[in-house]
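Written below as structure tokens is the structure these notes are about.
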Number of protein chains: 2
Amino acid sequence: MSRVNELLGARYPIIQGAMGVICNPELVAAVSEAGGFGLLATAFTEDPEFLRNQIKATKQLTNKPFGSNLFVMNPLALKFAEVLAEEGIRTVTVSGGSPKAFIPLLHDLGIKVIVVAPTVQGAKGAEALGADAVVAEGAESGGVQGFKGVSTFVLVPAVVDAVKIPVIAAGGIGDSRGYKAALALGAEGVQMGTRFIATKECIAHSTYKNIIVDSDETGTGLVNMGRFQIRALRTSLGERLIKEEDRTRPGFTKQVMEDTWIKGDLEAGVLPAGQVAGLISGIPAVREVIEEIAG
Amino acid sequence: MSRVNELLGARYPIIQGAMGVICNPELVAAVSEAGGFGLLATAFTEDPEFLRNQIKATKQLTNKPFGSNLFVMNPLALKFAEVLAEEGIRTVTVSGGSPKAFIPLLHDLGIKVIVVAPTVQGAKGAEALGADAVVAEGAESGGVQGFKGVSTFVLVPAVVDAVKIPVIAAGGIGDSRGYKAALALGAEGVQMGTRFIATKECIAHSTYKNIIVDSDETGTGLVNMGRFQIRALRTSLGERLIKEEDRTRPGFTKQVMEDTWIKGDLEAGVLPAGQVAGLISGIPAVREVIEEIAG
């Protein structure tokens, strides 16, 4: 059993990445039931009790371990940590900023911490702060990212060379080829986001899923949000924002995300996705995704 | 024997990428002698007889096959093709634009053609025009590139799914981990550039080699040259150009390249390199590089 399997309590070292408002209990439970490790997302969560209810709903659907992401930029994130502990969550990921305030608190609560890092410096810093593992997330990944732009192919071995804790690869992974390549680069597990949006169990609107399926490998670009960037699909609005023809930034709120990602309003906001959208050609059940990779 | 070995006539499916003015006969011969496939570069060549002399000098150093790159933007490129045929070169790569005018000519001359493509569309187009193989070159690679920004991790499997001819991976590869990962993604060979700059046999100035060795994975960025971009090291000039604090573009000529890359004048121009610079920590002999990968 690998170090990552042990850390997650999962059969396979395959994490479903946290994605705004579309990590519904059905998706998270389906990932864990299939042998992976589902994550609830809290970046846009505005109420600790909403998170508690999501955990309870997920537990109704699976007895297997699942986790949650804590997004550093959300001012309630430390409060969410207490809810996670009360509800028995054992492993979380921390992303979107420095994990400094989070690691000792989470460890005191008995929770293992996996830090998402886009650079060697971030990974080494996380290890020095006591992180139990790192996700080395390449710039081809979807959603929120920094400005360093280091790709998975270089980032993963560079981080593996720099830290002793387990390294989980993210960015560009969508099938068994990517999984095997990540392991060849020295990773001990993978995290995938976009691949899990285009599944039967994800609550994302069919429009969102279909745009992923229809995209080729050039179908995403980076939207500059000031403090960070978002890799998003080249919808009409996405294209205008990527090219900076339209410099109004879409609101980065729960309401905007729900309107766009769940209700399918393509002018409300952008649809985050990784370049791996170009490798995704169908909307299978979560179990099929995980079995193709781990089988 | 793989399709790529057969195409190259080499023991290993490992190509040394073409790099401006620093593919000296000693480097090219060393790669072929070690079982890989060295390439002369012609992007900045101004005289067909200079190329002929380079071929002759390389033949003095090895009996093994080697090739040459043809750079579409060089107006003499079609003329160079005749010299290559006269001197018995059997396999070339074509980069820097559409290979349309090159493939039938090269085939008539008895030369196999490998086209460098940064997208699936480019790879499919090359196959339709009769290319014998494609190099799928991810955006983490060094030197000249387009604006699509697709990473190796996504580009390689996407191209493998789209064409029947062999796919050679480039961008981000510097050691046996990258080689194995490229094969896991479906490639049948690899091309490496930056890794071969930092070798004993390369004519590049020690300053250039040492900056590669000292760089971390964030040590490169993209310099906008108008029609294309160059991924280059963050020297003082490189950093100013990457950040567009300095909008004068360095001359893209043989003289500028020689002054910078061979003479080590860091204010004359930029030093191209891929993100893989962050994985390179020494200046070994070419044979050590190839044996670590293929051994």
Open item on the list: Place a point 7 Å from Cα of A:K148 in the direction of its Cβ. Which residues in segment A:89-118 have their backbone N less than 17 Å from it?
Closed with: A:94-100, A:114-118
- [ ] List the distances, in nm to one decimal, from the label point of A:N63 to the label points of the same position in every other copy, shortest first, placing each label point 7 Å from Cα along the Cα-to-Cβ direction.
- [x] 7.1
Open item on the list: Given the -39500 (n - 2.57) contribution per DSSP H run of 4+ residues, what per-residue ellipticity at 222 nm results for chain B, rounded to the nearest 500 deg cm²/dmol?
Closed with: -10000 deg cm²/dmol
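Counting only C-alpha contacts under 8 Å and six or more residues apart, can you give the relative contact order of chain A as a whole percent? The partial results should precede the final answer.
Values: 671 pairs, mean separation 52.2, N = 295.
The normalised contact order for chain A reaches 18 percent.
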- [ ] Please name whichever of A:G264, A:I211, A:L222 sits farthest to the positive end of the charge dipole of segment A:206-278, dipole taken about the Cα centre and charges placed at Cβ: Lys and Arg +1, Asp and Glu -1.
- [x] A:L222
TODO: Return the carbon/sulfur percentage of the accessible area of chain A, one whole number, probe 1.4 Å, all protein chains in place.
DONE: 50
- [ ] Would you mind telling me the antiparallel percentage of the DSSP bridges in chain A, rounded to 5?
- [x] 25
Open item on the list: Report the Cα centroid-to-centroid distance between segment A:113-152 and segment B:163-238 in angstrom, as an integer.
Closed with: 22
Task: Kirkwood Rh, Cα atoms: Rg over Rh of segment A:206-278 - done: 0.93
Open item on the list: Taking a virtual spin label 7 Å from the Cα of B:R90 along the C-beta vector, which residues in segment B:47-81 bring their backbone nitrogen under 18 Å of it?
Closed with: B:55-56, B:58-69
- [ ] Kindly give Rg over Rh for segment B:1-102, based on alpha-carbon atoms, with the Kirkwood expression for the hydrodynamic radius.
- [x] 0.94
- [ ] Show the residues, 5+ positions off or on another chain, whose built amide H is closer than 5 Å to the amide H of A:G264.
- [x] A:H205
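List the accessible area buried at the contact between A and B, summed over both sides and calculated with a 1.4 Å probe, in Å² to the nearest 100. Mind dumping the intermediate values first?
Values: alone 12140 and 12140 Å², together 21860 Å².
Accessible area lost upon association: around 2400 Å².
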Task: Length gained when the stretch A:R227-A:Q60 is fully extended (0.36 nm per residue, less Cα-Cα span) - done: 56.3 nm
Task: 10 Å Cβ neighbours from other chains, averaged over peptide A:217-226 - done: 4
- [ ] Go from 0 up to the bin containing the longest alpha carbon distance in chain B, width 5 Å each, and give me the % of pairs per bin.
- [x] 1, 6, 13, 18, 21, 19, 14, 7, 2, 0, 0
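Working out 0.36 nm times the residue gap between B:E46 and B:K263, then minus their Cα-Cα distance, what length gain in nm do you get to one decimal? Please list the in-between numbers first.
Details: separation 217, 0.36 × 217 = 78.12 nm, distance 1.93 nm.
My answer for the length gained is 76.2 nm.
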Open item on the list: With every protein chain left in place and a probe of 1.4 Å, what is the accessible surface of B:H205, to the nearest 10 Å²?
Closed with: 60
Task: Cβ-defined net charge surrounding A:K124, 11 Å radius [Lys, Arg +1; Asp, Glu -1] - done: -2
Task: For B:E292, solvent-accessible area (1.4 Å; no DNA, RNA or ligand), Å² - done: 90
TODO: Find the Rg to Rh ratio for the protein assembly as shown, where Rh is the Kirkwood radius over alpha-carbon pairs and Rg uses the same atoms.
DONE: 0.99
TODO: Note down the magnitude of the dipole of chain A about its Cα centre, charges +1 on Lys and Arg C-beta and -1 on Asp and Glu C-beta and zero elsewhere, to the nearest 20 debye.
DONE: 420
Task: Efficiency of FRET from Cβ geometry, A:M73 and A:D108, R₀ 22 Å, rounded to 0.05 - done: 0.50
Open item on the list: Limiting things to C-alpha atoms, what are the Rg and the maximum Cα-Cα separation (Dmax) for segment A:74-114, in angstroms?
Closed with: 9.2, 25
- [ ] Let me have the relative contact order for segment B:37-88, percent, based on Cα pairs under 8 Å that are six or more residues apart.
- [x] 50
- [ ] Return the residues of segment B:167-195 for which accessible area with all protein chains present is lower than in the chain on its own by 10 Å² or more; set the probe to 1.4 Å and exclude ligands, DNA and RNA.
- [x] B:G172, B:R177, B:G178, B:K180, B:A181, B:A184, B:L185
TODO: Work out the mean other chain Cβ neighbour count within 10 Å for the residues of A:141-153 and drop it here as an integer.
DONE: 6
Task: Flagged links, alpha-carbon separation over 22 Å, of A:K180/B:K200; B:K124/B:K254; B:K100/B:K124; A:K79/A:K200 - done: A:K180/B:K200; B:K124/B:K254; A:K79/A:K200
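The values are calculated or read from the model by the stated rules, or taken from the named source; none is laboratory data. A quick note: this is a predicted structure, and the numbers were derived from the prediction, not measured. Ideal geometry is used to build each Cβ from the backbone, glycine not excepted, and the neighbour counts take in all protein chains shown. Keep in mind that these areas ignore ligands, DNA and RNA; they rest on the heavy atoms of the full protein, side chains included. Shrake-Rupley method; radii C 1.70, N 1.55, O 1.52, S 1.80 Å.
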